[in-house]
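The values are calculated or read from the model by the stated rules, or taken from the named source; none is laboratory data. Here the structure is a predicted model, which means the values were calculated and not measured. Cβ: placed from backbone, ideal geometry, glycine included. Neighbour counts: every protein chain shown. These area figures cover heavy atoms from the full protein model, side chains too; ligands, DNA and RNA do not enter into them. Shrake-Rupley method; radii C 1.70, N 1.55, O 1.52, S 1.80 Å.
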Amino acid sequence: MSKGLPKRSEDYSLWYNELVKKAGLAENSAVRGCMVIKPYGYAIWEKMQRVLDDMFKATGHSNAYFPLFIPKSLFEAEEQNAEGFAKECAVVTHYRLQTDPDKPGKLRVDPNAKLEEELIVRPTSEAVIWNTYKNWIQSYRDLPILVNQWANVVRWEMRTRLFLRTAEFLWQEGHTAHATAEEAIAETKQMLEVYATFAEQYIALPVVRGVKTPNERFAGALDTYCIEGLMQDGKALQAGTSHFLGQNFAKAFDVKFASKEGGLEYVWGTSWGVSTRLMGALIMAHSDDEGLVLPPKLAPIQVVIVPIYKGDEQLAQISEKVLQLKKELEAKGISVKYDDRDTERPGFKFAEWELKGVPVRIAIGARDLENGTAEVARRDTKEKGSQQFDSLATYIPALLDEIQENIYSKALNFREENTTKVDTYEEFKQVLETKGGFVLAHWDGTSETEERIKEETKATIRCIALNTPEEEGVDMLTGKPSKQRVYFAKAY
């Protein structure tokens, strides 16, 4: 099954694209720049959604849904935001088709059906949501508003990659409104921590929590907090963002509230989101040359059982034992697939489930049946061994926990080995070219220096890490004083 998968060391980009397709996660569609998420890929996304949705609700948020179309006048009300997204917008100009009189059987846009005002297909929903909040908020009693939306968004992309960058993608976007700046900042930081917890405990991806530089900040925000993960090719991937919007959108849409003191004040806002880009992070952080390596907590199938038999009688005997085990494991919340297809040989099945990243594979044959044993193989280390069949119902849950922990530890070790401190620009460039990974270097705080480094090396400041101790130094490029090191990397 993994034959034809390129090696990561030879062509990481091709390996990624082929793996996404061969493992049945997604494929390119007839619509340029858009993808089809296949059932197996969508099952992983659903598990992500379910966990995140529970985490949002546990922090007091409710789900709502807002329109896909945003009138241009609303979209341009917050200038920084509109300007930031202008080049990526898909725009609806007409509302009707008609039969083409010059081409029988074909359609054309009806020239008489031009919209009075163009509609933007949402690239993000701040404009339409804050316009709505104006009607919802009159008094401090109406605050806070803690709303999340699961939706699709469109950002016109010319160079696309499955899950990482597509013209249409799926995401969630939280939009909250508060009476004070302190509350809004606390919300921004809280949601960043929700994302970081999800990345580390479920995706098994260690992340750096930080704040973006003004150059990399979300258009219309006062501060953008982010989590950054490191992929196996040494490139960084932004896995989630949480924005403190200040009163920018409240002022753009005139959203005011009567305070407890009787004054009229502008509301404070936040927005935060993660997308199907997390699928890309999951694949690139852990998978190998044989296929996906899925953390058990996000694997649609956590255990696959393959019978090895000759004839229907042996299969019936094996199935009786297996179905009982399946029932016991499922009662513990573990998803189990019994692959008793008679159209494929065991070797094919092993390779297929390895490619699909199933954490644990159990094989049982006639001899195992006699001995009361089964062969258990784990996907992360490829280790396999014989286990007493009757102990599997307790052994497997513990093994899944161990695999989850091991995948995280491996990714953490990789990040630590590929995080380098440098003091000179020459050293910086050398590390980027030969090693990659995160590079910790002093920065003088100016956007000019940041831009020059990006232009010359293609590396960006991924974030100014939170809780980083101050460390006096000098900028590696300009020699100007610097108070702390920041995280640089080439990134997706």
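Run down ILE396, ILE407 and say which single residue is buried (at least 16 other Cβ atoms within 10 Å of the Cβ) and more than 26 Å from the chain's Cα centre (by Cα).
Only one candidate passes the filter, namely ILE396.
Counting only residues that are farther than 26 Å from THR394 by Cβ and in a strand (DSSP E or B), which one in region 277-325 is most open to solvent (accessible area, probe 1.4 Å)?
By that ranking, first place goes to ASP288.
What tally of residues in region 172-212 results from selecting those that are closer than 23 Å to ILE145 by Cβ and open to solvent by 30 Å² or more (accessible area, probe 1.4 Å)?
Counting residues in region 172-212 that are closer than 23 Å to ILE145 by Cβ and open to solvent by 30 Å² or more (accessible area, probe 1.4 Å) gives 8.
Can you tell me how many residues in region 458-475 are farther than 27 Å from THR188 by Cβ and open to solvent by less than 10 Å² (accessible area, probe 1.4 Å)?
The total comes to 1.
Taking the condition of being touching a His at 6+ places or on another chain (Cβ under 6 Å) and touching a residue at least 24 places away in the same chain (Cβ under 8 Å), how many residues in region 216-260 meet it?
Number satisfying all stated conditions: 2.
Determine which member of the set LYS235, LYS251 is in contact with a helix residue (DSSP H, G or I) (Cβ under 9 Å, 6 or more places away or on another chain) and of a type in the set (Lys, Arg).
LYS235
Which of the following residues is in contact with a Phe, Trp or Tyr (Cβ under 8 Å, 6 or more places away or on another chain) and modelled with pLDDT of 95 or more: GLU455, GLU450?
One residue alone meets the criteria, GLU450.
Yes/no per residue for (1) under 29 Å from the mean Cα position of the chain (by Cα); (2) closer than 29 Å to LEU298 by Cβ:
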position: TRP45; (1), (2): yes, yes
position: GLN49; (1), (2): yes, yes
position: CYS89; (1), (2): yes, no
position: ASP100; (1), (2): no, no
position: ARG108; (1), (2): no, no
position: LEU119; (1), (2): yes, no
position: ASN131; (1), (2): yes, no
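Could you please find all residues in region 14-66 being surrounded by 17 or more Cβ atoms within 10 Å (Cβ to Cβ) and on the phi > 0 side of the Ramachandran plot?
Correct list: GLY33 only.
Could you check region 73-85 and list, in sequence order, the residues that are touching a helix residue (DSSP H, G or I) at 6+ places or on another chain (Cβ under 9 Å) and either in a helix (DSSP H, G or I) or open to solvent by 50 Å² or more (accessible area, probe 1.4 Å) (or both)?
Within region 73-85, LEU74, PHE75, GLU76, GLU79, GLN80, ASN81, ALA82, PHE85 meet the criteria.
When you go through GLN324, GLN302 one by one, which is the residue that is in contact with a Pro (Cβ under 6 Å, 6 or more places away or on another chain) and of a type in the set (S, T, N, Q)?
GLN302
Taking the condition outside any helix (DSSP H, G or I), over 15 Å from LEU466 (Cβ atoms) and in contact with a strand residue (DSSP E or B) (Cβ under 6 Å, 6 or more places away or on another chain), does GLY220 pass?
No, not satisfied.
Matching residues to (1) within 18 Å of PRO214 (Cα to Cα); (2) of a type in the set (A, V, I, L, M, F, W, C):
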residue	(1), (2)
THR449	yes, no
ILE453	yes, yes
GLU456	no, no
ILE461	yes, yes
GLU470	no, no
GLY473	no, no
LYS480	no, no
ARG485	yes, no
ALA491	yes, yes
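Do you know which residues across region 261-276 are part of a strand (DSSP E or B) and either free of Cβ contacts under 8 Å to residues at least 12 places away in the same chain or closer than 30 Å to GLU228 by Cβ (or both)?
LEU264, TRP268, GLY269, THR270, SER271, TRP272, GLY273, VAL274, SER275
Test of understanding: among GLU200, GLU187, which residue is assigned to a helix (DSSP H, G or I) and over 18 Å from the mean Cα position of the chain (by Cα)?
GLU187
I'm trying to understand the selection: among the residues of region 105-147, which are touching a residue at least 40 places away in the same chain (Cβ under 8 Å) and among the aliphatic types (A, V, I, L, M)?
Listed by number, the residues that qualify are LEU119, ILE120, VAL121, ALA127, VAL128, ILE129, ILE137, LEU143, LEU146, VAL147.
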